[in-house]
1. When the accessible area of each residue in segment A:161-205 is compared between its chain alone and the complete protein assembly (1.4 Å probe; ligands, DNA and RNA ignored), which residues differ by at least 30 Å², being lower in the assembly?
2. Counting other Cβ atoms within 10 Å, keep those with at most 10, restrict to DSSP loop, and tell me which GluC sites (Glu not before Pro) in segment A:130-205 are left.
3. Once you list every other residue whose beta carbon is under 12 Å from the beta carbon of residue A:78, what net charge do they have if Lys and Arg are +1 and Asp and Glu are -1?
4. Under a 1.4 Å probe, what is the accessible area of segment B:7-75 per residue, stated in Å²?
5. Once you order the gyration tensor axes a ≥ b ≥ c over the Cα atoms, which shape class does segment B:7-75 get: rounded for a/c under 1.5, otherwise prolate or oblate by comparing a/b with b/c?
6. Given bins 5 angstrom wide, list per bin the percent of all Cα-Cα distances in segment A:124-205, short to long.
7. Give me a single rounded figure for B:44-57: the average over its residues of other chain Cβ atoms within 10 Å of their Cβ.
8. Compare the Cα positions of A:186, A:164, A:40 along the charge dipole of segment A:4-202 (+1 at Cβ of Lys, Arg; -1 at Cβ of Asp, Glu; about the Cα centre) and return the one farthest towards the positive end.
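The values are calculated or read from the model by the stated rules, or taken from the named source; none is laboratory data. Keep in mind the model is a prediction, meaning the values are calculated, not measured. Please note: Cβ atoms are built from the backbone with ideal geometry, for glycine as well, and neighbour counts cover all protein chains shown. Ligands, DNA and RNA are stripped out before the accessible areas are found, and what is left, the full protein with its side chains, is counted by its heavy atoms. Shrake-Rupley method; radii C 1.70, N 1.55, O 1.52, S 1.80 Å.
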Amino acid sequence: MSSHTDNDPLEELKKTSTGVENKKLAMWAFLASDCMFFGTLISTHLIYRKVYPDVEDVIDIFDIELTGFSTFILLMSSFLMALSVSAAHKNNLPSMRWCLGGTIFFGLIFLGCQVYEFQHFVFDKDLTLSSSIFGSTFFVLTGTHGVHVALGIFWLGSWLIYSFTDRYKRENALDVEVAGLYWHFVDVVWIIIFTVVYLVEYIEF
Amino acid sequence: MDASQNTSNSVDHHLAEEHQKYFTFFNVSIALIMLTAIELVIVYVPIHPGIVMGSLVVMSLIKFLAVIWWFMHLRWDMILCTLVFLSGLIIATGTVIALMLLFSEDPSGAPMI
């Protein structure tokens with residue numbers, strides 16, 4: 001007797017020794033290593049804030065309204081990404097394209113906010129990569145995250161374009177899902193950065 | 001039951017499952033927005049800083065877990081994916097905590113650059 005699972009190319013990809021698609025497992029392993037990467041950057045920032053707490057008047061530099069807005073934007077892009085993956089699994093290409101486009105659009109807004117924030121810090125607040133220890137750790141940490149967002153936008157954009165070609169197949173839903181895992185990870189890293197780098201500074205001890 | 005009927009039932013079940021996920025994703029995103037709004041407000045509320053700090057940690061943790069559990073499909077994937085990710089997350093968290101405990105404030109102030 002033939003069944004749907006025997007014919008579905010997505011189910012065929014699960015026939016590995018682990019039972020998990022190889023691409024997906026490789027992405028989870030990469031994300032685990034990226035956790036350690038961001039862990040070191042966050043540690044460096046927090047340690048220097050702890051060792052030299054009075055190096056900058058951080059609340060005067062930050063613009064929490066803008067950062068809060070960009071956080072909402074990134075969370076919404078994650079929601080659209082989840083819908084893109086769901087649409088890809090349903091083989092609903094028009095819906096997948098709209099949601100992917102929305103994710104990329106929100107990602108670009110987030111990047112725009114970050115670029116605006118950086119130029120505001122550099123030109124209006126005189127905070128640069130080499131002006132103080134706070135500037136060094138802040139720009140390296142948030143800049144690395146921004147590079148991850150930019151790479152994610154490029155990756156999702158390539159799948160959006162690819163989905164318009166004849167070469168896009170049903171099994172490519174897994175590739176969209178793997179790209180989605182990366183995008184969600186960028187979102188969870190920002191959830192941590194938003195709290196430990198920005199919000200904690202506003203607590204008056 | 002013939003092959004075509006079997007396939008049709010399986011596809012219907014798959015579609016129903018994905019349809020259900022839409023509402024889950026929507027509810028999770030609403031919860032994430034509300035938690036972020038609370039985070040933004042709570043830092044201005046004149047209460048004990050320890051309570052604010054604790055609330056921020058708990059809310060960030062909930063947001064973090066919500067995204068990886070539902071948006072990143074760990075809820076529906078095999079446990080192996082969770083274990084692989086947790087291995088890196090635990091090492092990273094342990095490193096951050098250990099380093100934070102190792103260092104203390106420098107009484108001589110920040111070095112001049």
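1. By number: A:184, A:188, A:191, A:192, A:194, A:195, A:199, A:202, A:203, A:205.
2. Those satisfying the criteria are A:204.
3. Here the count lands on 0.
4. Accessible area per residue, segment B:7-75: 53 Å².
5. prolate
6. Calculated over all Cα pairs of segment A:124-205, the distribution is 3, 12, 16, 17, 14, 11, 9, 7, 5, 4, 1, 0 percent.
7. 2
8. Of the listed residues, the answer is A:164.
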